[in-house]
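Since the structure comes first, as structure tokens, the remarks are kept for the end.
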Amino acid sequence: MSPRFRRTALATTIALLGSVSHSSANLSCKGVDTALTPERKATYSTLVAHSLDAKVAASKVEIHTFMEAASWSVVYADVPIADPGYFFFKIVDGKPRFEEVWGGMADESETPELVRWAEKLGTPRSVAECFAKAAVSE
């Protein structure tokens, strides 16, 4: 599935399901930085807005969860044109570069599949497991 199609499918799903509140305050993952600072919120709101196909102001993007390890970061974000999603960024030349977005619902039995999916992107296992833990806890 192409990233453009995935973003379109994510937008459709978000429109159908509405917004979900999710907080990194409850997320604790070994070896993963989950501190969502005001600076990170501002930076990733802009990055998420720029990753979307439609024009969306960064001020309209809400970042709820942050996780980072090695050269990867993931944020759980609410956007006005789609359902919330996990946006994956790889640090390249010192800057986060959008790689992929995952949206939807998952239950605990799908955790291994989510970990494998994130690892295929290149994320370290710690980030993949943290993402999966967060995704199934929604």
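The values are calculated or read from the model by the stated rules, or taken from the named source; none is laboratory data. All values derive from a computational prediction rather than experimental measurement. Note that we place each Cβ from the backbone using ideal geometry, even for glycine, and neighbour counts take in every protein chain shown.
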- Query: What are the residue pairs meeting all of these: first residue in segment 90-105, first residue under 19 Å from Pro124 (Cβ atoms) and modelled with pLDDT of 95 or more, second residue aliphatic (A, V, I, L, M) and in a strand (DSSP E or B), Cβ atoms under 8 Å, and 6 or more apart or on different chains?
  - Reply: Arg97/Ile91
- Query: Counting only residues that are acidic (Asp, Glu) and either touching a strand residue (DSSP E or B) at 6+ places or on another chain (Cβ under 7 Å) or outside any helix (DSSP H, G or I) (or both), how many does segment 70-123 have?
  - Reply: 6
- Message: So, in segment 55-69, how many residues would count as being touching a helix residue (DSSP H, G or I) at 6+ places or on another chain (Cβ under 6 Å) and either touching a residue at least 24 places away in the same chain (Cβ under 8 Å) or assigned to a strand (DSSP E or B) (or both)?
- Response: 6
